[in-house]
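Written out below as structure tokens is the structure these notes cover.
Derivation of every value follows stated rules applied to the coordinates shown; laboratory data play no part. These numbers come from a predicted model, not from an experiment. Reconstructed Cβ throughout: ideal geometry from the backbone, glycine too, with neighbour counts over all protein chains shown.
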Amino acid sequence: MSAPALHPDALPSGCHSPQSEWPWPTPLPGACFRAIGFEAEPLCVANLSAWEIVLPKRLETAAAKRRAEFLGGRLCARHALAALTGTPFTPAMDEERLPVWPDGIVGSITHSRELAAAAVARRESVGGIGIDAELLLSNERARRLAPQILVDSERDWLERLPPITQGEFVTLVFSLKESLFKALYPLVRRRFYFPHARLTNWRRDTGEVTLVLLETLSPHWRAGHHFDGQVTGIGDHLLTLVSVPPTS
């Protein structure tokens, strides 16, 4: 006798606090989101065969934290894809360690300190999507990391901010540049880094942001191209989103 089908929202042991409501102020056309909280040890020993999730060989001997991050992220992706397409699907990992999405689908996965999340959309509506979750940096750590993350105009911006928001600002810039990379890299297959983009607009009241590309990555994605993004919070995490429109 075959095992009963899982309820669409079922989660294995070690997972809690599921969220499927779109967390950012402005929805993307047809996009679906999923987030969960997880505890590393229980999730790592849970039987995940019903969710069709298998650890890649390179992670089999990794620390529990790293294994749980992968598992939590794949669970979120599976639930988000089920909501988008009606069919649960667990993305595999390609040679560059990127998720392999179904044909016609774009998506992004993130994890940070017992939080995992994924967002997916149809390629006809969204050309690329990147999300990133980060715990807020302390002001002291933010200032130590700022030279690695910020370009000159962002450093000037940081100096003008009141101390209470400086940690948030550096966290925001870091996370947005990670989201931009996740949205663009699958399209260009060319690596770029923190100095190759800069934040030009941050509306803290609405969560709207704008980034500009400082490096030409392809004939379509050239230096000077602007990208709209969004920022929100889940618990003590800052969560950013950058999406790009479909290319003709």
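Note on residue 85/residue 54: beta-carbon distance plugged into 1/(1 + (r/R0)^6) with R0 of 25 Å gives a FRET efficiency of 0.75.
Legend: P(r) of the chain from all alpha carbon pair distances, 5 Å bins from 0, whole percents, reading 1, 6, 14, 17, 18, 17, 13, 8, 4, 1, 0, 0, 0, 0. Connecting C-alpha atoms closer than 10 Å in a GNM of the chain, tell me which of 73, 14, 128 has the biggest fluctuation. Ranking 73, 14, 128 by mean-square fluctuation puts 14 first. Relative to the dominant Cα principal axis of the chain, helix 139-149 is inclined by about 80°. Counting other Cβ atoms within 10 Å as a rough exposure proxy, the listed residues 220, 79 run 220, 79 from fewest neighbours to most. On C-alpha positions alone, give me the angle between the axis of helix 64-85 and the longest principal axis of the chain, in degrees, nearest 10. Long axis of 64-85 versus the principal axis of the chain: about 80 degrees. Sorted on the mean count of surrounding Cβ atoms within 10 Å across their residues, most packed first, peptides 162-171, 113-122 read 113-122, 162-171. Put in line by how crowded their Cβ is, counting other Cβ atoms within 10 Å and starting with the fewest, 173, 212 read 212, 173. The stretch between residue 148 and residue 16 holds 44.0 nm of extra length on full extension. This uses 0.36 nm per residue minus the Cα-Cα distance.
Full extension of the chain between residue 165 and residue 216 gives 15.2 nm of extra length, using 0.36 nm per residue less the Cα-Cα distance.
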